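Enquirer: I have a structure here, written as structure tokens, and I will follow up with some questions on it.
Taken together, the values in this text are just the output of simple stated rules run on the coordinates, not laboratory data. Quick caveat: nothing in here was measured; it's all calculated off a predicted structure. Cβ: placed from backbone, ideal geometry, glycine included. Neighbour counts: every protein chain shown.
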Amino acid sequence: MGLLSVELEDYDLAEKYFLQSLKRNPKDKDQIFIYLAKIADKKNQSEAAITWLNKINNGPRFIESKLITAEIIARKESVDKALEFLNGLKANSPEEKLSLVQSKASYLTRSNRHQEAFHLMQNEASNFPHSPEFKFDYALLADKLNNYDLMEKLLREAIKIKPDYAVAYNALGYSYADRNINLEDAKKYIEIALSIAPNNHYILDSMGWLYYRLGKLDSALSFIQKAYDVQPDPEIAAHLGEILWAQGRKKEANDIWDISLQSFPDNEILKETLKRLH
């Protein structure tokens, strides 16, 4: 009932149910602390949220609680404060270590500090020689810095470790499509990704973008519209608008971009698309 109330955004009722659950001394108290923290955060009670999270001192939900704390710090104070907080934490397993590294890289990337994020991953690479997830994140940063040889190497290594890694196939195919090279290989990789994860919006977007590069605008629009309907991500919005623009539907393109800019005013791809086409 508590989770249903959260889904319905009745946070007061959800909080009431979870507090009642705590009184029954449940087995997984830490999970309830996390729910209560998230509810407090939704109610703009960040101090209360952190108080709940600080009740988790060890165990399987420890790092999760600290990552949520870092998110609150980043939002209420600064990314640098969040990074400082994360740097003070000690991981007790390779999985926790990976979560911390990924979180730090994510904050740097979201702040457009791609070079710093890349150096972080470069320095940590020897700690994760067999992690496809680490290699994938590292590859995306290499791509951001136009280090395409390293990106391809890392993605191929990730696929070798995890042959059904749909997002790695997709990243490789999309990189080719975006650079307008090796389009047959791009199609092959994106088709493999789609066969593994047919409803993934990023993969649908990649296939649409590939068709755009091939000049097949109707097929491109079909895939990217479906991707946008699943998730109106700013990069997908940029692509959808560009295809509409290419079809001469400029008002519809501008409407899509305007809606996306309201939520994502600093998105690099969205801004670059508008600058290039206007």
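Enquirer: If you put +1 on each Lys and Arg Cβ and -1 on each Asp and Glu Cβ, how big is the dipole of the range 1-90 around its Cα centre, in Debye rounded to 20?
Expert: Magnitude of the dipole: close to 380 debye.
Enquirer: For the range 115-199, what does the alpha-carbon gyration tensor say about shape, rounded, prolate or oblate, given a ≥ b ≥ c as the root eigenvalues, a/c under 1.5 as rounded, and a/b over b/c as prolate?
Expert: Oblate.
Enquirer: Spelling out what I want: for every residue of the range 49-56, take phi, set θ = phi - 60°, compute 6.51 cos²θ - 1.76 cosθ + 1.60 (Karplus), and round to whole Hz; glycine and proline get x.
Expert: Result, ordered by residue: 4, 5, 4, 4, 5, 5, 6, 9 Hz.
Enquirer: Charges on Cβ only, +1 for Lys and Arg, -1 for Asp and Glu, centred on the Cα centroid of the chain; of PHE118, ASN25, ASN200, which one is farthest towards the dipole's positive end?
Expert: In the chain, that residue is ASN25.
Enquirer: Points 7 angstrom from Cα along the Cβ direction at ILE269 and ALA246: gap in nanometres?
Expert: Output for this residue pair reads 1.5 nm.
Enquirer: Right, next: Tell me, what is the FRET efficiency for LYS81 and ASN57 to the nearest 0.05, using R0 = 22 angstrom and their Cβ-Cβ distance as r?
Expert: Approximately 0.55, to the nearest 0.05.
Enquirer: Run the numbers on the range 200-273 and let me know its relative contact order in percent, using alpha-carbon pairs under 8 Å that are six or more apart.
Expert: Relative contact order of the range 200-273: 26 percent.
Enquirer: So how strong a dipole does the range 87-177 carry about its Cα centre when Lys and Arg Cβ are +1 and Asp and Glu Cβ are -1, to the nearest 20 debye?
Expert: Result for the range 87-177 is approximately 120 debye, rounded to the nearest 20.
Enquirer: Angle check, please: helix 148-161 long axis (alpha carbons) against the longest principal axis of the chain (alpha carbons), in degrees 0 to 90, nearest 10.
Expert: 60
Enquirer: From the square roots a ≥ b ≥ c of the eigenvalues of the alpha-carbon gyration tensor of the range 1-90, which class results: rounded (a/c under 1.5), prolate (a/b over b/c), or oblate?
Expert: oblate
Enquirer: Also: Give the relative contact order (percent, whole number) for the chain; include only Cα pairs under 8 Å separated by 6+ residues.
Expert: Value for the chain: 7 percent.
Enquirer: Quickly rank 152-161, 11-20 as a protection proxy: mean count of other C-beta atoms within 10 Å, highest first.
Expert: Sorting 152-161, 11-20 by mean packing, highest first, produces 152-161, 11-20.
Enquirer: Something else about it: Within 12 Å, Cβ to Cβ, of THR109, how many net charges do the neighbouring residues add up to if Lys/Arg are +1 and Asp/Glu are -1?
Expert: The answer is 0.
Enquirer: I've got another one for you. On full extension of the chain, what length is gained from LYS90 through ARG113, given 0.36 nm per residue of separation minus the C-alpha to C-alpha distance?
Expert: Residue separation times 0.36 nm, minus the Cα-Cα distance, leaves 5.9 nm.
Enquirer: What is the range 57-152 by shape, rounded, prolate or oblate, if you read a ≥ b ≥ c off the alpha carbon gyration tensor as root eigenvalues and call it rounded for a/c under 1.5, prolate for a/b larger than b/c, and oblate otherwise?
Expert: It comes out oblate by the Cα gyration axes.
Enquirer: So between SER126 and LEU13, what do we pick up on full extension, going 0.36 nm a residue minus the alpha carbon distance?
Expert: 35.9 nm
Enquirer: Right, here's the next one. Taking the structure as given and computing P(r) over Cα pairs in 10 Å bins from 0, in percent, which label from (1) 6, 26, 33, 23, 9, 3, 1, 0; (2) 6, 22, 28, 27, 14, 2, 0; (3) 7, 29, 32, 19, 10, 3, 0 fits?
Expert: Working out P(r) over Cα pairs in 10 Å bins from 0, in percent from the coordinates points to (2).
Enquirer: How far is helix 62-76 tilted, in degrees, relative to the longest principal axis of the Cα atoms in the chain, given as a value from 0 to 90 rounded to the nearest 10?
Expert: Rounded to the nearest ten degrees, it is 70.
Enquirer: Rounded to the nearest 10 degrees, what's the angle between the helix 166-179 long axis and the longest principal axis of the chain, both from Cα atoms, 0 to 90?
Expert: Its long axis makes an angle of about 40 degrees.
Enquirer: Sticking with this one: Whole-Hz Karplus ³J(HN,Hα) for the range 180-195, in order, using 6.51 cos²θ - 1.76 cosθ + 1.60 and θ = phi - 60°, x for Gly and Pro?
Expert: 6, 10, 6, 5, 5, 5, 4, 4, 4, 5, 5, 5, 4, 4, 5, 5
Enquirer: What is the gain in length, in nm to one decimal, between ASP255 and LYS160 on full extension, counting 0.36 nm per residue of separation less the C-alpha to C-alpha distance?
Expert: 30.0 nm
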